[in-house]
Ligand code: HEC
């Protein structure tokens, strides 16, 4: 025998209703999915990827002695960076000095390379990762390291 379950008459009339909390849950999940998609979109498009190949101090030192690399760094810098950071890298225009004792983002190869590649667009530092070859980014980074060391020895005299 099939026993019909007892349903209170006031509930029978209502039909299928979605409760407020179910709707709320669906809303929150939809929102989360959209937020996730937007984040993935931003991560993939707006930022050039940082492609810092591990580089040893010995490699940096030998690139610093490589006239061709340093000449490239110099030319790139005067062409693209000097208008903000000054022809002697000592800032004073739109960008800060790159050869003084203060640094905003660090002075290691990795941190310099990262700032140059990604920029700080909100503060007026353009990102160069999409415009320059890795070779040029590296030359610029090492050029800055060299100029900073050079400026330090100059000021000690
Ligand atoms: C339109 C002006 C502008 C140009 C062009 C520009 N920069 Fe900058 N740069 C800035 C500004 C402004 C900052 C400071 C960002 C901040 O305050 O967060 C900065 C910061 C930096 C820093 C970090 C300094 C620190 O103290 O940590 C480095 C390194 C740097 N720039 C390198 C370069 C190089 C290399 C180029 C050329 C390929 C370049 N910049 C071109 C405006 C510029």
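The values are calculated or read from the model by the stated rules, or taken from the named source; none is laboratory data. What you are looking at is a predicted structure, and each value in this text was computed from that prediction instead of being measured. Cβ placement follows ideal geometry from the backbone for every residue including glycine, while neighbour counts extend to all protein chains displayed.
Here are the numbers for this structure:
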| item | result |
| --- | --- |
| Hits in the range 102-136 (condition: touching a helix residue (DSSP H, G or I) at 6+ places or on another chain (Cβ under 8 Å) and outside any loop (DSSP other than H, G, I, E, B)) | 109, 112, 113, 116, 117, 125, 135, 136 |
| Hey, residue 99 modelled with pLDDT under 90, part of a loop (DSSP other than H, G, I, E, B) and surrounded by 10 or more Cβ atoms within 10 Å (Cβ to Cβ) or not | no |
| Looking only at the range 77-94, and only at residues there that are buried (at least 19 other Cβ atoms within 10 Å of the Cβ) and within 8 Å of the ligand (Cβ to nearest atom), the one that is nearest to the chain's Cα centre (by Cα) | 81 |
